[in-house]
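The values are calculated or read from the model by the stated rules, or taken from the named source; none is laboratory data. What you see is a predicted model; the values in this text were computed from it and never measured. All Cβ positions, even for glycine, are placed from backbone atoms using ideal geometry, and neighbour counts span all protein chains on display.
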Amino acid sequence: MKNSLKFRIGFPLLVLLIVVPMIFPFIWMFMSAFKTQVDIISWPPKFLFSPTLVNFNKVFNEQNFLLYLKNSVIVGVAAVFVSLLLGLPAAYSIARFKQKRLSMMILVARLMPGISFLMPWYIVFSRLGLMDSYTALILSHILIALPVVVWIMSSYFESVPMEMEESAMVDGATQQRAFVAIILPLSVPGIVTATTLSFIFSWNNFMFSQVLSMQKTRTLPIAVYNFMSYAEVDWGGVMAAAVAIMTPAIILTMVFQKYVVKGLTMGAVKG
Amino acid sequence: MIKSGFFERNLKYLFPLPALLFVLLLMVFPVLYTLFVSFTDWTLTSGRPMKFAGLGSYLKIMGEPRFLDAVGRTFYFTIGAVLAEAVLGTTIALVLNREFRGKNALKFILLLPLVATPVAVGIVFNLFYDPTIGFLNYVLSVFGLPQSGWVTASSTVLPSLMLVDIWQWTPMISLIVLAGLAGLSNEPYESAKVDGASSVQTFVHITLPMVMPTILTAIILRAVDALKTYDIIYAMTGGGPGYSSETLNILAYKFSFEYFNMGQASSILVFLFFIVLLFSLGVTKIRKLFEL
């Protein structure tokens with residue numbers, strides 16, 4: 001049956017049926033980003049048009065998007081870095097000492113609605129004069145990245161056989177030394193998975209920055225949103241902004257595809 | 001081993017300690033604070049000091065039609081979207097569960113919606129949905145169907161938002177189920193073949209029961225996030241038109257950061273948290289049944 005004519009025609013059609021709806025919004029977004037406002041609002045919608053860079057020029061030169069891009073990178077990188085620093089030892093400990101209760105706590109952190117900490121933070125950070133500061137934003141984004149790191153790494157460490165550090169400890173190394181010198185280098189694939197995913201989650205986060213950032217530390221998702229809420233929507237500009245925010249995440253996914261798939265499906269499959 | 005120092009002997013406390021302190025300070029305390037505020041009548045706008053109000057905020061919220069509507073919408077949105085995602089996602093996984101050229105490229109395409117920034121996704125769909133220039137109304141007109149108001153009409157706004165959620169998260173279920181299918185052992189299939197089972201029988205009696213725990217886990221993960229959907233709704237409609245797409249998370253945001261009614265906002269949050277918790281506990285129980 002596998003090689004029957006019906007299958008050889010039917011299967012690619014089926015795949016097409018899956019792929020086209022999935023990818024079409026991206027194609028439309030890219031096309032619209034290169035259209036003039038006149039082309040965008042023309043009816044029927046245009047598939048052929050002469051491309052323009054006007055929208056990107058507007059986004060980067062008039063709207064200060066480079067600043068917001070820089071903010072997003074600073075917040076994401078710092079939050080992921082601190083999360084690895086805090087999360088890797090914690091994940092190792094959860095994996096090796098079977099600390100079920102600790103891992104439950106991390107799970108609960110993933111369940112909680114974000115606003116239930118946002119409201120108290122808003123009050124505390126404004127009393128401390130930390131509104132619109134990198135500190136407040138990075139702290140909040142660590143809470144996005146840390147559970148991802150612990151979640152992915154504790155199951156990764158469990159898959160690394162105990163003998164690895166035991167042999168080093170027989171030779172006189174301490175367990176913490178064995179963790180740094182032997183386990184961590186062995187766990188690079190897991191660390192890449194955790195880093196990529198937690199960075200993407202921080203990159204995409206809207207709610208925390210919406211409340212905690214203003215002019216100075218505004219990140220890209222907020223900038224894109226603000227761009228749209230003007231009275232008359234400049235669709236070309238908004239689409240160019242959407243392209244600007246999605247491209248880095250798409251490139252990261254392309255480079256680390258295998259790891260991203262693993263990270264997203266991990267835990268669910270193993271149970 | 002005897003010589004081991006203080007650090008090594010207490011490794012299991014010292015290693016998780018920094019992470020634990022962080023979570024305690026930035027999550028546990030704030031959540032307890034929210035719980036505490038939910039028993040007060042505190043508003044930031046009145047300038048009055050916080051006053052204990054017992055269950056006052058809860059009672060007020062319960063009597064608020066906007067709250068009750070939001071509860072209904074949150075369930076409607078979650079159940080509708082996640083069910084569609086589970087059925088579609090599993091079907092896609094079953095179709096793709098074979099070797100073919102370009103499978104990796106296809107998996108990459110499946111990943112795209114998952115990593116796309118939700119706010120930007122919402123905006124792109126707003127362009128699709130636009131009643132006058134949108135692509136979807138054009139498609140409807142090509143087929144001679146009546147135009148729809150999509151997110152601008154209160155009768156169609158929720159299904160339109162659910163469609164965006166379905167577009168973005170169906171691939172997640174597909175990828176999880178695909179990974180689950182890849183891990184299945186071959187033996188039951190071989191003996192089914194020996195027994196002469198049809199492909200439908202094999203699917204119903206072997207494949208489905210074996211991947212069911214995986215599908216259910218995917219559903220829990222998805223539903224927990226769907227209950228809290230915020231970005232897409234806020235970016236696309238801000239809860240409107242009127243209040244017609246206000247879910248609990250949007251309502252809680254408005255009560256805290258637009259009306260600064262912290263007491264009632266907190267009681268909405270406590271309520272939402274319990275729904276999420278009960279839901280995950282419930283589904284975990286169902287999942288256990290399948291594993292036995």
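Data for the structure
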read-out	value
Criterion (part of a helix (DSSP H, G or I) and surrounded by fewer than 16 Cβ atoms within 10 Å (Cβ to Cβ)) met by exactly one of B:Val119, B:Val82, B:Val95	B:Val95
Residues within the range A:193-230 that are more than 14 Å from chain B (Cβ to nearest Cβ), surrounded by fewer than 18 Cβ atoms within 10 Å (Cβ to Cβ) and of a type outside the set (Lys, Arg), tallied	1
Residue satisfying condition, being within 14 Å of another protein chain (Cβ to nearest Cβ) and under 21 Å from A:Ala249 (Cβ atoms), within set B:Val121, B:Val37	B:Val121
Criterion (over 26 Å from B:Ile109 (Cα atoms), β-branched (Val, Ile, Thr) and either assigned to a helix (DSSP H, G or I) or outside the structural domain of A:Leu85 (by TED's automatic domain parsing) (or both)) met by exactly one of A:Ile191, A:Ile182	A:Ile182
The listed residue being free of Cβ contacts under 8 Å to residues at least 24 places away in the same chain, more than 23 Å from the chain's Cα centre (by Cα) and more than 7 Å from every other protein chain (Cβ to nearest Cβ), out of A:Leu102, A:Leu130	A:Leu130
Lone unmet requirement of (1) in a helix (DSSP H, G or I); (2) more than 21 Å from B:Val82 (Cα to Cα) for B:Gln147	(1)
Of all residues in the range B:130-160 being of a type in the set (Phe, Trp, Tyr) and within 11 Å of chain A (Cβ to nearest Cβ), the one that is surrounded by the most Cβ atoms within 10 Å (Cβ to Cβ)	B:Phe135
Helices (runs of 4 or more DSSP H) contained entirely in the range B:158-237, each with at least 3 residues that are in contact (Cβ under 8 Å) with a residue 24 or more places away in the chain	B:208-227, B:231-236
Yes/no for B:Phe67 being assigned to a helix (DSSP H, G or I) and surrounded by 20 or more Cβ atoms within 10 Å (Cβ to Cβ)	yes
Per-region count, the range A:125-163, residues under 22 Å from A:Leu102 (Cβ atoms), of a type in the set (A, V, I, L, M) and surrounded by fewer than 14 Cβ atoms within 10 Å (Cβ to Cβ)	1
Residues (of a type in the set (Gly, Ala, Ser) and surrounded by fewer than 20 Cβ atoms within 10 Å (Cβ to Cβ)) located in the range B:235-257	B:Gly238, B:Gly240, B:Gly242, B:Ser244
Hits in the range B:16-38 (condition: in a loop (DSSP other than H, G, I, E, B) and either more than 28 Å from the chain's Cα centre (by Cα) or closer than 20 Å to A:Lys100 by Cβ (or both))	B:Pro16
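Okay, residues lined up against (1) among the β-branched types (Val, Ile, Thr); (2) in contact with a Lys or Arg (Cβ under 6 Å, 6 or more places away or on another chain); (3) buried (at least 17 other Cβ atoms within 10 Å of the Cβ):
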{"residue": "A:Asn61", "(1), (2), (3)": "no, no, no"}
{"residue": "A:Leu67", "(1), (2), (3)": "no, no, no"}
{"residue": "A:Ala78", "(1), (2), (3)": "no, no, yes"}
{"residue": "A:Leu88", "(1), (2), (3)": "no, no, yes"}
{"residue": "A:Ile106", "(1), (2), (3)": "yes, no, yes"}
